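What follows is a set of notes on a single structure, which appears directly below.
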Amino acid sequence: MNTFTGKTVLITGASEGIGRALALALCADRPRLALNARNEARLGEAARECAARGAEVLALPGDVSRQEDCARVVAQTAERFGGLDTVINNAGVTMWSRFDAVSDLSVFERLLAVNFLGAVYTTAAALPYLKDSRGLIVAVASIAGLTGVPERTGYAASKHALVGFFESLRIELAGSGIGVTIVAPDFVLSEIHRRAIGPDGAPLGISPMQESRIMTAEECARRIVRAMRRRDRILITSARGRLVRWARLLVPRVVDQIAARAIRERR
Ligand SMILES: NC(=O)c1ccc[n+]([C@@H]2O[C@H](COP(=O)([O-])OP(=O)(O)OC[C@H]3O[C@@H](n4cnc5c(N)ncnc54)[C@H](OP(=O)(O)O)[C@@H]3O)[C@@H](O)[C@H]2O)c1
């Protein structure tokens, strides 16, 4: 039997990108999957794909920036599957703009509401069930949650908040049997770059990334599932990400240059 066989796994932001790839990667274990995102049509497609691969699936539309949606999504998951074993806080949005070019400051509220508060609301609702199951919480952060990245001030702030929250919660949960796995992906090929919020608050519409040079969502998901099976504390998906974590203590200016180059070269 595999780690997630018969286990209930809730994934936010599961209709596309890393979340969808994670749902599909977990299907080999035949879990019970609760999939959340806002767009019902795309969520339904992801749910059908997972069902075809042998998972029991529940599609739960909702916006994680709304506390009542998070509470409902968790309650419906627990009601349908009789509990909850793993929550993957994956839903997220990004930005692409220098701070001094941002004309609509509500961008910052949006980034924090989805990337940070969405995970707080979902985790708060899930915690009683996770205490019963001695379950696992996964937080999909970013390398931008470990170090600063230009054109990403609000995104990096939201991901630093996420990392700080889950590192603190992990300490509070010591002895409870609940694991906390923080994931810090480098660039991943997904819809997030095309949808990145630009300086005026509107999505860019086209991806600025060198798409052929970045990790696929499937590869990222494969690594996340491996980290989940081992209940790792943290997964950083690239060598430069792992380097940056340590090097910023010793040579912070070099780390700033690495981050600036990553954005300049768009990979
Ligand atoms: N791609 C990268 O380069 C990269 C790198 C590091 C970290 N990450 C992180 O990985 C996570 C997944 O990103 P991705 O690249 O897979 O992005 P993506 O392809 O744009 O997928 C994002 C998913 O989140 C959902 N979502 C967005 N806002 C939501 C909301 N308010 N409530 C519920 N669901 C919402 C989207 O569906 P709807 O729009 O239908 O709601 C979609 O299913 C994010 O947290 C992101 O910050 C990504």
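Readers should treat all values here as calculations from the given coordinates under stated rules, not as data from a laboratory. Just so we're clear, the structure is a prediction, and the values are computed from it rather than from any experiment. Because the Cβ atoms are built from the backbone with ideal geometry, glycine has one as well, and the counts that use them run over all protein chains shown.
In this label model, Thr5 and Glu45 are separated by 3.3 nm, measuring between points 7 Å along each Cα→Cβ vector. For the modelled label position 7 Å from the Cα of Glu172 along Cα-to-Cβ, which residues of segment 96-131 have backbone nitrogen atoms closer than 17 Å? Residues passing the 17 Å test: 116-131. Estimated from helices alone, the mean residue ellipticity of the chain at 222 nm is -14500 deg cm²/dmol (sum of -39500 (n - 2.57) over DSSP H runs with n ≥ 4, per residue). Simple spin-label estimate for Glu218 and Arg233 gives 3.3 nm between the two label positions (7 Å along the Cα-to-Cβ direction from each Cα). Here the scattering of segment 148-267 is modelled by Debye summation over its C-alpha atoms, one equal scatterer each and no solvent; at q = 0.19 Å⁻¹ the log10 of I(q)/I(0) is -1.24. Based on every Cα atom in segment 106-191, Rg and the maximum pairwise Cα distance Dmax equal 13.6, 42 Å.
Segment 123-155 and segment 39-96 have their alpha-carbon centroids 16 Å apart.
Could you tell me the calculated FRET efficiency between Ser133 and Arg253, based on Cβ-Cβ distance and R0 = 51 angstrom, to the nearest 0.05? Don't skip to the answer; put the middle values down first.
Working: r = 46 Å, r/R0 = 0.89.
The formula returns an efficiency of 0.65 here.
Averaging the sequence gap over all C-alpha pairs within less than 8 Å and six or more residues apart, then dividing by the number of residues, gives segment 169-260 a relative contact order of 32 percent.
Alpha-carbon geometry of the chain: the Rg and the Dmax are 17.7, 53 Å, given in that order. Considering only beta bridges that DSSP places wholly inside segment 8-239, some 5 percent are antiparallel.
Which of Gly92, Tyr129, Ala259 sits farthest toward the positive end of the charge dipole of the chain, with +1 on the Cβ of Lys and Arg and -1 on the Cβ of Asp and Glu? About the Cα centre, the residue reaching furthest to the positive side is Ala259.
Report the Stokes-Einstein translational diffusion coefficient (µm² s⁻¹, integer) for segment 15-168, Rh taken as the Kirkwood radius over Cα pairs, at 4 °C with viscosity 1.567 mPa s. Don't skip to the end; give the middle numbers.
Details: Rh = 16.1 Å.
Value of D from the Cα-based Kirkwood radius: 80 µm²/s.
Taking 0.36 nm per residue of separation and subtracting the Cα-Cα distance, full extension of the segment from Arg195 to Glu56 would add 47.0 nm. Put a dot 7 Å past the Cα of Ile263, heading toward its Cβ, do the same for Trp246, and the two dots end up 2.6 nm apart.
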